[in-house]
Amino acid sequence: MKTLTLATLIICSVAEVFACSCMNPPTYCETVQSGPADLLILGYKFEDNYHGMGIKVVQVLDGIENRDTLTVWGDMGMLCRWYCGAFGIGDTLVFALHHCDTLGNMLGGSNLEKLEDYHISICGVYWLDYENGQVTGAIDNGVTSLGLNEFQQLNA
């Protein structure tokens, strides 16, 4: 009985340590003000990859990245990241990405995540929809749609 109780306490403690606790700013602008992304791109999802996705870069909007395809890691149930399955193949989006912290390797028991990859946080608005030259979503208070050039100016 003591062993079962101890095991339960350890599992609950570990789950609490890895629980996602963050403030979720309601708009993109508030999100990047509180924690700027390492890379802002316009791109589309072209493949699923375990708990990640392949992204084809259409345009780098802010930051430095020379590759035309990126691996972006999401959540697998224990990380503070978006589930990449929420994005469909071919979805074109503006992504605000962070350099990969490779936590998925430690928690998932794999070596899939690489330091040159990116991840997408769930602690704020780190992606916006894009269609017909318009960025849409929770951009800023009262702003839900901007042309791509206007969005880049706002971001700068």
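Scanning the stretch 36-52 for residues that are within 16 Å of S121 (Cβ to Cβ) and either open to solvent by 30 Å² or more (accessible area, probe 1.4 Å) or assigned to a strand (DSSP E or B) (or both) gives P36, A37, D38, L39, L40, I41, G52. Among the residues of the stretch 137-151, the ones that are open to solvent by 50 Å² or more (accessible area, probe 1.4 Å), under 16 Å from D62 (Cβ atoms) and not acidic (D, E) come to 1 in all. Among the residues of the stretch 53-62, is there at least one that is on the phi > 0 side of the Ramachandran plot and surrounded by fewer than 16 Cβ atoms within 10 Å (Cβ to Cβ)? Scanning the stretch 53-62 turns up no residue that is on the phi > 0 side of the Ramachandran plot and surrounded by fewer than 16 Cβ atoms within 10 Å (Cβ to Cβ).
Checking each residue in the stretch 88-113 for being open to solvent by 40 Å² or more (accessible area, probe 1.4 Å) and either within 30 Å of Q134 (Cβ to Cβ) or touching a helix residue (DSSP H, G or I) at 6+ places or on another chain (Cβ under 9 Å) (or both) picks out I89, G90, D91, T92, H99, N111, L112.
The values are calculated or read from the model by the stated rules, or taken from the named source; none is laboratory data. Bear in mind that the values here come from a model prediction, so they are computed numbers and not experimental data. With ideal geometry, Cβ positions are generated from the backbone for all residues, glycine too; neighbour counts draw on all protein chains shown. Heavy atoms of the whole protein, side chains included, go into the accessibility calculation; ligands, DNA and RNA do not. Shrake-Rupley method; radii C 1.70, N 1.55, O 1.52, S 1.80 Å.
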